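*Asks:* Provided herewith is a single structure, encoded as structure tokens, for subsequent inquiry.
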There are 2 protein chains.
Amino acid sequence: MDHVKELSKLLTEDQVTTNQTMREQHSRDESYHIPSLPDMVIFPKRTEDVQKVINYANTYEIPVVPFGLGSSLEGNAIPYKGGISLDMSLMNQVLEVRPNDFLIKVQPGITRLQLNKELKKYGLFFTVDPGADATLGGMAATNASGTTSVRYGIMRDQVRDLEVVLASGEVIHTGGLSAKSSSGLHLNGLMVGSEGTLGVITELTLKVHGIPECIMAARATFPDPGRAVEAVTSILAANIPVARMEFVDEHSIRQVNIANERNYELKPTLFLEFHGNEAGLKQDVEFMKEIVSDLGCMDIHFEMDTKSRAELWEARHNLAYSFIHGHPGKKLMVTDVSLPITELAGAILHARESIENTGLVGAVVGHVGDGNYHALVMVDLADQAEVEKAKELNELIVLYALERGGTCTGEHGVGVGKVKYQQKEHGAAYEVMKSIKHTLDPKGIMNPGKIF
Amino acid sequence: MDHVKELSKLLTEDQVTTNQTMREQHSRDESYHIPSLPDMVIFPKRTEDVQKVINYANTYEIPVVPFGLGSSLEGNAIPYKGGISLDMSLMNQVLEVRPNDFLIKVQPGITRLQLNKELKKYGLFFTVDPGADATLGGMAATNASGTTSVRYGIMRDQVRDLEVVLASGEVIHTGGLSAKSSSGLHLNGLMVGSEGTLGVITELTLKVHGIPECIMAARATFPDPGRAVEAVTSILAANIPVARMEFVDEHSIRQVNIANERNYELKPTLFLEFHGNEAGLKQDVEFMKEIVSDLGCMDIHFEMDTKSRAELWEARHNLAYSFIHGHPGKKLMVTDVSLPITELAGAILHARESIENTGLVGAVVGHVGDGNYHALVMVDLADQAEVEKAKELNELIVLYALERGGTCTGEHGVGVGKVKYQQKEHGAAYEVMKSIKHTLDPKGIMNPGKIF
């Protein structure tokens, strides 16, 4: 059976390719995980195309790995068992905007910046901001979050409805348009974060927000990381509705300065943002200034206008790329644990010590308002000793988090990198997850080897 | 096999009863749904007790219906197939408070007011407020919400972790302590709202909030319901972070006045509440006053102090009871649809017309910020014609909502009352829900006849 030929007949010839360059592009993501080639890449243009591919793949037991932009960080979209890389980039349209319902319906291949460009016309924005200009389908698949979730929630919180093609070829809708529902089982939540292991997302109806009346950003520097993190917990405890609250250590600041031609002071820093009405925001900011000053904040610098605010967050968002570009020949290994907020200070100190013990170039940054932080280290994949050190570091950090009620992945997903911690994190619940996977995908064609 | 005797041996004798009064108390909820007696009532004291009961019940295929306080409104806890009513009221302890993590771990039998009494010591509160002093286990089982969810989210949004005893007797934890996670499948969301059909909740770890610096409540009256609802959509569109926003029609105001000795004006009214810092709240309230005045608001009355605010919300919360007490011999039938916010005004007008067509005593109230409203009618269950009219009204209202992307139940759950709309609302996804139910409870012992 010539699967490529048969699938080309089911769709059109230009939608199915075995081109080597194309296969290579779909063999990797932005992580240190080892690439693996798909047998072919398919570009569906509509839900019916996805259905045809899945029906065919299910019949012949061919693995199907949905692919957004390849910005994943745990090998989530790498086709380790070959088969089909299902590239959703041609399905990138806005299908419907309902501004007064604060809803937008899109196809999965649309990216975050494309979406926000469309929403701006209506005075609206999409809150989830993982840094990368990822596709919305990919963000839903991994349950992405990022800098703003401390205020607006994670990807799962924004999904009102998904259209999903199941392994059976059946097309389902997981939710509805209403802001809340107690009807049936919560399939929205089940599908978000399932990383393509239960089905392919072909449409998303997402919650959007009005652009706030006032936005203010600030950089606050501290004498040591401990006091910076203490400021985070104090700001949360004071009930200040901060919209972003990022910890950036001095090693990261150095990289930010080099890559962005800044001269930020080389100190542990909080990048903060506040959203609100003018009067409320002013009071919040005054209160925040008192709190951080009590904790030894050395300097606080406000970014008042849109441009300088954008520059601040660009620097933060490009941090991972800054490390990559600053260390040619090396790959980025990034951890992604999240812990209860009271365990965060200890976790970050432990991570910094552990990085120093490896002798690798590294840093700690984090979405600290959620208890989520990343340890970044640069690794030469050809140097087995370096690779081993990075893996040990990841393991140390994950085990530290799990022992304290945390999770092995706050926002990057399980992919292949975190499969080995699933049993430890979820215990008997992991069997329940496996049984659901088996019920919905009995032949195991959907992104095999990921999560399970 | 004498199941009562065997189960008494597995637990202690006083934990298992067939007492007629006790069985009757567990045969009904607060709705018009017809009561049905359990064969016995069992009072577990710990997770192990629940495990023993479930293992026994699964072996002998005895139905198990978890029971909180019986405040459900769709027959959710009525044991229509007999068997065991599993009363969780003895498991009502606070297990752990982690104030700086904004978390509390409780047993399922604790009620909302008990929980908030405990939290107040820490300057914290639990946001979900369905009116009734329901148990937290019951609230999680039905995915309850109520007046505050427009700001703080529904029950599902507050659940960080659940301990659940499955039909297999296995005990699982569905989540963790971290504010976010992308690890594994989202079992938290699946269990919340599953109404005891997938397992018995034996522990809940819940997100709590700091008590806001300022709270202000108001009553705003309008010349007609259309303009009141238009004010709701305008307030939302203006990005004002309102904490409660309730529509109460003039029929309901009449009942409120009688039951609570008030003299609120007999006009369509919005009950509003704002939470925030002092300066921000003041600006929000000023803006809101402009908006409602542009829409013909006739009078706006603020409740400034804690006592008068409490009285306002007490009146709102007691509304259903006011109708019940005001119409002895009749039972309350209450609809519970939720729609996209732009469809709400039409839906409420349609509901009011439909109530008038029945000739029954009735009213419309609603958590309108979420698009969720209730039509209440008083029904003499002995009068078959009245019962039929009420059922037709429910059906009309549900179909109106479903045709517009809404849901048949915003917060009361499916129980038995909404089973017949599940296929229509969820389509092919209903089969997926059924397959998950079958996977987790192959013998169908967990609250049989509910949702499925």
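The values are calculated or read from the model by the stated rules, or taken from the named source; none is laboratory data. What you see is a predicted model, and the numbers here were worked out from it, not measured in a lab. Counting neighbours? That spans all protein chains shown, and the Cβs are built from the backbone with ideal geometry, glycine included.
*Asks:* Residue check, B:GLU343 against (1) farther than 28 Å from B:GLU261 by Cα; (2) more than 14 Å from every other protein chain (Cβ to nearest Cβ); (3) surrounded by fewer than 24 Cβ atoms within 10 Å (Cβ to Cβ); (4) modelled with pLDDT of 95 or more, all met but one. Which one?
*Replies:* Among (1) farther than 28 Å from B:GLU261 by Cα; (2) more than 14 Å from every other protein chain (Cβ to nearest Cβ); (3) surrounded by fewer than 24 Cβ atoms within 10 Å (Cβ to Cβ); (4) modelled with pLDDT of 95 or more, B:GLU343 violates only (2).
*Asks:* Could you tell me which of the residues A:HIS317, A:HIS275 is closer than 18 Å to A:THR148 by Cα, at pLDDT below 90 and either in contact with a helix residue (DSSP H, G or I) (Cβ under 8 Å, 6 or more places away or on another chain) or surrounded by 14 or more Cβ atoms within 10 Å (Cβ to Cβ) (or both)?
*Replies:* Only one candidate passes the filter, namely A:HIS317.
*Asks:* Now for a separate question. Among the residues of the range A:183-218 satisfying the criterion of being at pLDDT 95 or above and charged (D, E, K, R), which is nearest to B:LYS437 (Cα to Cα)?
*Replies:* Result: A:GLU195.
*Asks:* Output the helices (runs of 4 or more DSSP H) that fall wholly within the range A:140-201 and possess 2 or more residues being in contact with a Leu (Cβ under 8 Å, 6 or more places away or on another chain) and either crowded, with 24+ Cβ neighbours inside 10 Å or of a type outside the set (Lys, Arg) (or both), or say none.
*Replies:* In the range A:140-201, the matching helices (runs of 4 or more DSSP H) lie at A:187-191.
*Asks:* Continuing with this model, one more query. Residues that are outside any loop (DSSP other than H, G, I, E, B), in contact (Cβ under 8 Å) with a residue 24 or more places away in the chain, under 25 Å from A:PRO241 (Cβ atoms) and of a type in the set (Ser, Thr, Tyr): does the range B:121-136 have at least one?
*Replies:* No, because not a single residue in the range B:121-136 is outside any loop (DSSP other than H, G, I, E, B), in contact (Cβ under 8 Å) with a residue 24 or more places away in the chain, under 25 Å from A:PRO241 (Cβ atoms) and of a type in the set (Ser, Thr, Tyr).
*Asks:* Go through A:VAL398, A:VAL416 for me and flag whichever is away from chain B (no Cβ under 13 Å) and surrounded by fewer than 24 Cβ atoms within 10 Å (Cβ to Cβ).
*Replies:* Checking each option against the conditions leaves just A:VAL416.
*Asks:* Conditions: (1) surrounded by fewer than 16 Cβ atoms within 10 Å (Cβ to Cβ); (2) over 23 Å from B:ILE445 (Cα atoms); (3) over 19 Å from the mean Cα position of the chain (by Cα). B:ARG98 meets all but one. Number of the miss?
*Replies:* (1)
*Asks:* Which one of B:GLY75, B:GLY83, B:GLY70 is crowded, with 23+ Cβ neighbours inside 10 Å, at positive phi and at pLDDT 95 or above?
*Replies:* Matching residue, one of B:GLY75, B:GLY83, B:GLY70: B:GLY75.
*Asks:* If I ask for residues that are closer than 11 Å to A:ARG219 by Cβ and either outside any loop (DSSP other than H, G, I, E, B) or in contact with a strand residue (DSSP E or B) (Cβ under 6 Å, 6 or more places away or on another chain) (or both), which ones from the range A:263-285 would you list?
*Replies:* Scanning the range A:263-285 gives A:GLU265, A:LYS267, A:THR269, A:LEU270, A:PHE271, A:LEU272, A:GLU273.
*Asks:* Here is a further query. Report yes if B:MET288 is out of contact with any Ser or Thr (no Cβ under 8 Å at 6 or more places or on another chain) and within 14 Å of chain A (Cβ to nearest Cβ), otherwise no.
*Replies:* Yes: the conditions hold for B:MET288.
*Asks:* Can you tell me which of A:GLY146, A:GLY131, A:GLY153 is in contact with a Lys or Arg (Cβ under 8 Å, 6 or more places away or on another chain) and within 27 Å of B:ARG160 (Cβ to Cβ)?
*Replies:* A:GLY131
*Asks:* Go through (1) closer than 22 Å to A:HIS209 by Cβ; (2) free of Cβ contacts under 8 Å to residues at least 12 places away in the same chain one by one and return the number of the condition A:LYS289 breaks.
*Replies:* So the condition that A:LYS289 fails would be (1).
*Asks:* Of everything in the range A:336-355, what is part of a helix (DSSP H, G or I) and aliphatic (A, V, I, L, M)? Give them in sequence order.
*Replies:* A:ILE341, A:LEU344, A:ALA345, A:ALA347, A:ILE348, A:LEU349, A:ALA351, A:ILE355, listed by residue number.
*Asks:* Hey, another quick one. Considering only residues of the range B:234-262 that are part of a loop (DSSP other than H, G, I, E, B) and away from chain A (no Cβ under 14 Å), which is surrounded by the fewest Cβ atoms within 10 Å (Cβ to Cβ)?
*Replies:* Checked the range B:234-262; the qualifying residue surrounded by the fewest Cβ atoms within 10 Å (Cβ to Cβ) is B:GLU261.
*Asks:* Hey, another quick one. From the residues in the range B:129-162 that are of a type in the set (D, E, K, R) and within 10 Å of chain A (Cβ to nearest Cβ), which one is farthest from B:ASN55 (Cα to Cα)?
*Replies:* Looking at the filtered set, the residue picked out is B:ASP157.
*Asks:* Moving on to the next point. For the range B:194-233, how many residues meet the condition of being within 11 Å of chain A (Cβ to nearest Cβ), closer than 30 Å to A:THR407 by Cβ and touching a Gly at 6+ places or on another chain (Cβ under 7 Å)?
*Replies:* 4
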